[in-house]
Amino acid sequence: MAPAIKTIVFPVAGLGTRFLPATKAIPKEMLPIVDKPLIQYAVEEAAEAGIEHFVFVTGRGKNSIEDHFDRAFELETTLEATGKTEALEGLMNSRPRPGQMSFTRQQEPLGLGHAIWCARDVIGDRPFAVALPDELMHGEPGCLAQMVEVYREHGGNVVAVQEVREEHTSRYGIIKPGAAEGPVSEVRGMVEKPAATEAPSRLAMVGRYILQPEVFGPLAEGRRGAGNEIQLTDAMAELVGRQPFHALRFDGRRFDCGNKVGYLEANLAIGLERDDLGEELRRVLARHLA
Ligand code: UTP
């Protein structure tokens with residue numbers, strides 16, 4: 001039986017240039033969707049999938065991520081003293097248990113592949129998951145939980161994919177699919193940011209991965225790929241054909257919160273679903289659309 005996925009890596013060392021000036025002093029991963037930072041949605045999605053250890057690959061200026069998952073004594077004491085028990089419980093429940101988190105640094109943002117490689121000593125020789133927190137996945141069960149099910153059946157490597165428009169293939173790693181059974185396809189190859197004419201399909205990898213530790217081999221070579229960055233896709237491509245490799249068209253919605261319209265859409269979609277906000281937000285929107 002394939003070993004269980006107990007650890008996840010969150011690469012959070014990017015510069016978030018598309019959100020400047022908001023991200024000058026605040027990490028992109030701490031931007032809130034309604035009232036919860038992006039990184040917390042990702043941690044909750046991982047916990048729901050049975051993952052117990054959270055590894056953050058951070059960089060300079062990212063300390064608030066570490067603080068966010070720590071205790072906040074003054075705040076907690078004040079909430080308790082003023083009887084704000086609901087807010088206090090929310091804080092308590094969102095915090096991983098002591099020892100469940102590790103932080104390592106990517107000293108230079110050389111690309112996603114390099115960020116993952118920076119977690120190699122923490123991961124060791126076990127399969128692990130990766131989630132890009134600026135991709136917000138919304139659905140029940142969560143995207144990672146669905147991927148863990150596929151992994152339990154097939155072992156090896158699993159990536160989440162979604163069909164994208166032809167003119168958008170150059171924004172993503174695109175897979176070459178093989179035999180499919182329902183939403184699960186074999187992966188026969190992959191290429192990072194291909195032009196529409198070169199793309200092997202329109203199935204884009206969207207920021208959720210289950211990987212075998214052998215991926216650290218090609219990553220260690222530090223070869224530059226698309227955009228002169230060390231690409232995770234290039235390292236994963238070397239595992240294709242050597243280990244089981246599957247893609248899951250997951251069931252749920254994805255908001256690309258790394259771009260502004262995706263970020264705004266996530267705020268609206270999740271706000272509209274909330275019992276405490278939906279009705280009023282709908283009225284406000286109607287006013288703006290009138
Ligand atoms: P992105 O390319 O979307 O993030 O990387 P970015 O580079 O921070 O954003 P822009 O394009 O400048 O606006 C996806 C994820 O990978 C992390 C980012 O922090 C983000 O969570 N990442 C990216 C790293 O940790 N290191 C890198 O070298 C690159």
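The values are calculated or read from the model by the stated rules, or taken from the named source; none is laboratory data. None of these values were measured; they are calculated from a predicted model. Cβ placement follows ideal geometry from the backbone for every residue including glycine, while neighbour counts extend to all protein chains displayed. Ligands, DNA and RNA are excluded from the accessible area calculation, which covers all protein heavy atoms including side chains. Shrake-Rupley method; radii C 1.70, N 1.55, O 1.52, S 1.80 Å.
Here are a few things to note about the model shown:
- The residues of segment 238-265 that are surrounded by fewer than 16 Cβ atoms within 10 Å (Cβ to Cβ), within 12 Å of the ligand (Cβ to nearest atom) and either among the hydroxyl-bearing types (Ser, Thr, Tyr) or not in a helix (DSSP H, G or I) (or both) amount to a single one, Asn259.
- Residue match in segment 53-68 (condition: more than 24 Å from Val148 (Cα to Cα), away from the ligand (no atom under 16 Å from the Cβ) and in contact (Cβ under 8 Å) with a residue 24 or more places away in the chain): no
- Subset of segment 119-134 [farther than 15 Å from Ile5 by Cβ and either of a type in the set (Lys, Arg) or surrounded by fewer than 22 Cβ atoms within 10 Å (Cβ to Cβ) (or both)]: Arg120, Asp121
- Taken over segment 189-232, residues that are assigned to a helix (DSSP H, G or I) and loosely packed, with under 15 Cβ neighbours inside 10 Å amount to 5.
- Set side by side, the residues Glu149, Glu186, Glu167, Glu153 differ, and just one is away from the ligand (no atom under 16 Å from the Cβ), in a strand (DSSP E or B) and of a type outside the set (A, V, I, L, M), which is Glu186.
- Flag if Pro21 is over 30 Å from Arg223 (Cα atoms) and either modelled with pLDDT of 95 or more or open to solvent by less than 40 Å² (accessible area, probe 1.4 Å) (or both): yes
- Test result for Glu140, away from the ligand (no atom under 14 Å from the Cβ), within 13 Å of Ile5 (Cα to Cα) and either acidic (Asp, Glu) or not in a helix (DSSP H, G or I) (or both): no
- Checking the stated criteria, Ala235 turns out not to satisfy the condition of being under 17 Å from the mean Cα position of the chain (by Cα) and either under 20 Å from Ile116 (Cβ atoms) or part of a helix (DSSP H, G or I) (or both).
- Failed item in (1) over 30 Å from Met236 (Cα atoms); (2) assigned to a helix (DSSP H, G or I); (3) open to solvent by 50 Å² or more (accessible area, probe 1.4 Å); (4) within 14 Å of the ligand (Cβ to nearest atom), with Ile26 passing the rest: (2)
- When segment 41-53 is filtered for residues that are surrounded by 20 or more Cβ atoms within 10 Å (Cβ to Cβ) and assigned to a helix (DSSP H, G or I), the ones remaining, listed by number, are Tyr41, Ala42, Val43, Glu45, Ala46.
Listed here are the residues, each with its yes/no results for (1) loosely packed, with under 15 Cβ neighbours inside 10 Å; (2) at pLDDT below 95; (3) closer than 24 Å to Glu229 by Cα; (4) within 16 Å of the ligand (Cβ to nearest atom).
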position: Lys6; (1), (2), (3), (4): yes, no, no, no
position: Val12; (1), (2), (3), (4): no, no, yes, yes
position: Asp70; (1), (2), (3), (4): yes, yes, no, no
position: Arg95; (1), (2), (3), (4): no, yes, no, no
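- Subset of segment 107-118 (residues that are open to solvent by less than 50 Å² (accessible area, probe 1.4 Å) and over 17 Å from the mean Cα position of the chain (by Cα)): Leu110
- Hits in segment 170-183 (condition: small (Gly, Ala, Ser) and assigned to a helix (DSSP H, G or I)): Ser170
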